[in-house]
Amino acid sequence: MAAMCALEAKKMQDHLFYFLQKTHHQKSLSKPSTGGFKVPVGTTKRSLLKTISYRVLATITLLVISYLVTGRLELAGAIVSIDIIVKTALYYMHERVWGKIRYGLQKKRRQ
């Protein structure tokens, strides 16, 4: 069971690495119009740093909870391994999408 989880985690890690590498190399040649809105789109590096810091906190929490529930450190580690890969990719994509959404932002006031 643990070997299967580790193999699946490695596959997901490879896919995540490919995704991050691909998105890092795609550069926008022009910025889209924001229609007068303040759109706080962070850089890719900022999104990655936020992703990593959040994952460290969430991983420690899940490891402790998994260990308390299962009583087995190797099973808790397998659960955490899969969780890290899947949720890191999802959080990164979520962060980048929300960085482009203008809903709820106030328009700039002209002075």
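Since every read-out is calculated from the coordinates, none of them should be taken as a lab result. Keep in mind that what you see is a predicted model, and the values were worked out from it rather than measured. Positions of Cβ are generated from backbone atoms using ideal geometry, with glycine treated the same way; all protein chains shown enter the neighbour counts.
Here are some notes:
- Each of S53, S66 was scored by other Cβ atoms within 10 Å of its Cβ. Listed from fewest to most, they are S53, S66.
- Net length gained if the chain between T70 and A58 were fully extended (0.36 nm per residue, minus Cα distance): 2.5 nm
- Likely footprinting exposure, Y91, Y103, fewest C-beta neighbours within 10 Å first: Y103, Y91
- Under the Karplus curve 6.51 cos²θ - 1.76 cosθ + 1.60, θ = phi - 60°, whole-Hz ³J(HN,Hα) for segment 51-66, x wherever Gly or Pro sits: 4, 5, 5, 5, 5, 4, 4, 5, 5, 4, 4, 5, 4, 5, 5, 4
- Contact order for segment 51-102, expressed relative to its length and based on alpha carbon pairs under 8 Å spaced 6+ residues apart, stands at 39 percent.
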